[in-house]
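See structure below.
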Amino acid sequence: MTAPLPPALPALRDQLLDPTGGLVYHLRAARHRRRLWAPFHAAVADWLAGWQPPRAHLAIVGPNAGYALPDGFLARFERVTALEPDPLARWLLRRRPDAARLRFDRLDCLRDADGLARLADRFPDAAILFSNVLGQVSAPAADWATPIARHLAGRPWASYHDAISTAVPPARSTPCSLPDAAALPDVLARFWDGGELPLADHATFGLGGPGPRRYAVWPIAPGRWHLVEWVARPAG
Ligand SMILES: C[S@@+](CC[C@H](N)C(=O)[O-])C[C@H]1O[C@@H](n2cnc3c(N)ncnc32)[C@H](O)[C@@H]1O
């Protein structure tokens, strides 16, 4: 079921060929999620197990088909609202055994600078989870940190997102927690040995501001690694 969206609000357009998801993502998931992606998905499961927002309603942005969500996660909430532009992903997500209380919404909360304010207004009772989407979609202004701090202050929210990506294999892949504001080179040193690291910066590093952060490496495809950051605020 999809809730009607007032015409004044920007609506998600169906996307099957989008670089942030789409058919390529489903093919990658079919190929890699049981082996190559499994250690990263175990890290996500660990992050989500530790995230217990005091809300009965979850709004999840960019869940795709829920490939990264552990079994039973959606059933932890009395209501789940998903914002996902990929129609195949929506079809698959609603077939998960834990999706009995799932519905979809068409709000595009990432399109412009007021998007997160609209997200907060439309779902005033919800905890919000950005599901590996903020490092994929360009921030409408300088960064994501500013609108998050402005519009989600006081709201339980969490995000896991690509911080950087690289073709250089990490020397170590054990997920780590950092208690407070470590700089990007310190975090990279947890996974990669010293020297120059050619990388793509996804402009999300430290988007939760001061406070604890967690990191894991996601081998999205053979020869390509993403450093993924987890933040939850208020920190729990
Ligand atoms: C990298 S995939 C992550 C999928 C999944 N959460 C995971 O962790 O495997 C990014 C997802 O964000 C979705 N997406 C792209 N733009 C979006 C938007 N404006 N609002 C909500 N979701 C969006 C894509 O369709 C895709 O499913």
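Read-outs throughout are calculated quantities, based only on the coordinates presented, and are distinct from any laboratory measurement. Computed from a predicted structure; not experimentally measured. Here the Cβ is made from the backbone with ideal geometry for all residues, glycine too, and neighbour counts use every protein chain on show.
Roughly what would the spin-label model give for Ala113 and Asp201, points 7 Å off Cα along C-beta, in nm?
2.1
Contact order normalised by length for region 13-233, with contacts defined as Cα pairs under 8 Å and 6 or more residues apart; what percent is it?
After rounding, I find 20 percent.
Compare the Cα positions of Ala203, Gly66, Ser159 along the charge dipole of region 13-233 (+1 at Cβ of Lys, Arg; -1 at Cβ of Asp, Glu; about the Cα centre) and return the one farthest towards the positive end.
Gly66
Using θ = phi - 60° and the Karplus relation 6.51 cos²θ - 1.76 cosθ + 1.60, list the HN-Hα couplings for region 225-234 in order, rounded to whole Hz, with x at every Gly or Pro.
Ordered by residue, 3J(HN,Hα) equals 10, 10, 8, 10, 9, 10, 10, 9, 9, x Hz.
Assuming R0 = 22 Å, can you tell me the calculated FRET efficiency for the pair Asp125 and Ala49, based on Cβ-Cβ distance, to the nearest 0.05?
With a Förster radius of 22 Å, E is 0.45.
Please give the charge dipole size of the chain, origin at the Cα centre, charges +1 on K and R Cβ atoms and -1 on D and E Cβ atoms. Round to the nearest 20 debye.
Result for the chain is approximately 800 debye, rounded to the nearest 20.
Quick one: the Cα spread of region 1-42 along its three principal axes, in angstroms, biggest first?
Over region 1-42, Cα extents along the principal axes are 43, 22, 16 Å.
Report, by chain and number, residues whose modeled amide H sits under 5 Å from the one on Ile164, excluding near sequence neighbours (fewer than 5 apart, same chain).
Residues meeting the criterion, in which the H sits 1.01 Å from N, are His202, Leu227.
What does the helix-only formula give at 222 nm for the chain: each DSSP H stretch with n ≥ 4 adding -39500 (n - 2.57), the total divided by the residues, and the result rounded to the nearest 500 deg cm²/dmol?
Helix-only estimate at 222 nm: -6500 deg cm²/dmol.
Taking the 0 to 90 degree range and rounding to the nearest ten, how far is the long axis of helix 38-50 tilted relative to the main principal axis of the chain, both from C-alpha atoms?
60
Given R₀ = 41 Å, what would the calculated FRET efficiency be for Ser177 paired with Asp14, taking r from the Cβ atoms and rounding to 0.05?
0.60
Could you tell me the distance between the Cα centroids of region 180-224 and region 36-74, to the nearest Å?
Region 180-224 and region 36-74 have Cα centres separated by 20 Å.
Amide H to amide H, which residues 5 or more places from Leu129 or on other chains are under 5 Å from it, using H placed in the peptide plane?
When sequence neighbours closer than 5 places are left aside, the close amide H contacts are Ala59, Ile60, Val61, Ala158.
For the chain, what is the convex hull volume of the alpha-carbon atoms per residue, in Å³?
117
Suppose a student asked you for the relative contact order of region 122-225, using Cα pairs under 8 Å spaced at least 6 residues apart; what percent would you report?
About 35 percent, as a whole number.
HN-Hα J couplings of region 157-171 from phi, Karplus 6.51/-1.76/1.60, θ = phi - 60°, integer Hz, Gly and Pro as x?
After applying 6.51 cos²θ - 1.76 cosθ + 1.60, I find 9, 8, 8, 10, 7, 5, 9, 9, 9, 7, 9, 8, x, x, 7 Hz.
Please list, in order along region 56-69, the HN-Hα scalar couplings obtained from phi with the Karplus expression 6.51 cos²θ - 1.76 cosθ + 1.60 (θ = phi - 60°), rounded to whole Hz, x for Gly and Pro.
Listing the rounded values in order: 8, 10, 10, 9, 10, 9, x, x, 6, 8, x, 4, 8, 8 Hz.
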